[in-house]
1. Go through region 191-217 and report how many residues are free of Cβ contacts under 8 Å to residues at least 24 places away in the same chain, under 17 Å from residue 236 (Cα atoms) and surrounded by 16 or more Cβ atoms within 10 Å (Cβ to Cβ).
2. So if I check each of 74, 126, which one is more than 23 Å from residue 239 (Cβ to Cβ), small (Gly, Ala, Ser), at pLDDT 95 or above and more than 18 Å from the chain's Cα centre (by Cα)?
3. In region 231-250, which residues are more than 21 Å from residue 273 (Cβ to Cβ) and in a helix (DSSP H, G or I)?
4. Considering region 39-59 alone, what residues qualify as being under 23 Å from residue 261 (Cα atoms), in a helix (DSSP H, G or I) and either in contact (Cβ under 8 Å) with a residue 60 or more places away in the chain or out of contact with any helix residue (DSSP H, G or I) (no Cβ under 8 Å at 6 or more places or on another chain) (or both)?
Amino acid sequence: MELLLIPFLAGVAWWAWGRWRRHRRRAIARKPLPDQWRAILERNVPLYRGLPEDLKQELHGHVRLFLHDKTFEGFQGLEVTDEMRVTIAGNACILLLNRPHDQYANFSTIYLYPSTFVSRQENYDGVVRSVGQQARLGESWHRGPIVLSWDSALAGSRDIKDGHNVILHEFAHKLDDADGAVDGAPMLHQRSQYTTWARVMHREFEQLQRRAGQGARTLLDHYGASAPEEFFAVLVETFYEKPRQLKRRHPELYEEMRRCFQVDPEAWHERIRGH
């Protein structure tokens, strides 16, 4: 009888801990955002200004939890400030709006460099075949940290018309990584969505590859033609920064992204222009 009680008591303890954790996280998310943090979002994250009030409140809660959960480390003498933390959190958490779960649980640390950093690149085929170095603006390590160049992150965040935002790009990789496979397919709301998603994404990815190979001008950055996961990350940047153009030129692609993220950033841009 005593042996049977052990797993029962362990289960009760686990249930109680989970309930306490959920209660604690709800309490953190409900805490008002400091005025200075809101000012940073207004100044550095223009998309924030276009959100309806209910989504602003949801974003505040995500930002609170993000900054509670994540650690920031500065390199090359960079001192991490609230402006850096809140700017990055604001952009990253826009991707969580209307999504049912926190899909950033697969990492805990953000590394910040003052500007472009050099990354060691290794190509594997059972053993290391080649090693090189590349100048990078950002990286997302599988099941590891995100690395960002702060000057590029800030510039990309403040300009919402150029279609480039390294924060959105790298955090899109984390959403892609949430199911354990970095393959350009994030977790969708319903299983039935995956068939249409795969069909549309495959067709559009191949089209971008052809157009990029011809040197043609495209709405999506040619870097998206390098791999399905990069196509998704580039698409996220375009969806949030150039929604009107994406909807006009690639309507099926826009609709798949709208269904995936359950938001319509075209309306946010209209609101920003009206201010």
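1. Summing the residues that are free of Cβ contacts under 8 Å to residues at least 24 places away in the same chain, under 17 Å from residue 236 (Cα atoms) and surrounded by 16 or more Cβ atoms within 10 Å (Cβ to Cβ) in region 191-217 gives 1.
2. Criteria check complete, one pass: 74.
3. Within region 231-250, 231, 232, 233, 234, 235, 236 meet the criteria.
4. 44, 46, 47, 49, 50, 53, 54, 55, 57, 58
The values are calculated or read from the model by the stated rules, or taken from the named source; none is laboratory data. In this text, all values refer to a predicted model and were calculated from it rather than measured experimentally. When we count neighbours, we look across all protein chains shown, and the Cβ atoms used for this are built from the backbone with ideal geometry, even at glycine.
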